[in-house]
Amino acid sequence: MARVTVEDCVQKIPNRFELVLLAAQRARNLSRGEELTIDRDDDKNPVVALREIADETVELPKLEQDLIKSLSRAPEPEPADEEVLDLIPTDQNIFGLQDVSAEEEAATLPVENEELSPEDLEAAIEAELAGRPRR
């Protein structure tokens, strides 16, 4: 066949969209190094693919499976529980607002149900405000 036309291939594959998909897949396979089933005659891979389809020298079911395999995507695997790790330990001051350890902060907090005198309460508030920058 000196020249291939779409009409020659449509006789083999009636659906033009399917023809384009299969010819493109065969051209990709040829680019990857698969063996030619006809002489190249200085034609590029898409033309060779159409000529092969028209001459029925390529197996269409195998080509369909190659196309389906190339278009399917495997789902990304879920991370295993061992892979999910905390990058920053929760006992550290992750925001960097104060250079106070958890033990020092707990020592300065009033105990629940403990009654503070108004003077102690005022001193605690002033101490807390003095340690923070003003806005």
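Here is how the numbers come out for the structure above:
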| read-out | value |
| --- | --- |
| Criterion violated by PHE17 - all others in (1) within 31 Å of the chain's Cα centre (by Cα); (2) touching a residue at least 12 places away in the same chain (Cβ under 8 Å) satisfied | (2) |
| Scope segment 38-75; condition outside any helix (DSSP H, G or I) and among the basic types (Lys, Arg); matching residues | ARG40, LYS44, ARG73 |
| Residues located in segment 13-35, provided they are closer than 13 Å to GLU64 by Cβ and assigned to a loop (DSSP other than H, G, I, E, B) | ILE13, ASN15 |
| Members of segment 1-31 found to be modelled with pLDDT of 85 or more and hydrophobic (A, V, I, L, M, F, W, C), listed by number | CYS9, VAL10, ILE13, PHE17, LEU19, VAL20, LEU21, LEU22, ALA23, ALA24, ALA27, LEU30 |
| Complete set of residues in segment 63-86 that are modelled with pLDDT under 80 and either in contact with a Lys or Arg (Cβ under 7 Å, 6 or more places away or on another chain) or under 30 Å from ALA49 (Cα atoms) (or both) | ALA74 |
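The values are calculated or read from the model by the stated rules, or taken from the named source; none is laboratory data. The structure displayed is predicted, hence computed values, not measured ones. Because the Cβ atoms are built from the backbone with ideal geometry, glycine has one as well, and the counts that use them run over all protein chains shown.
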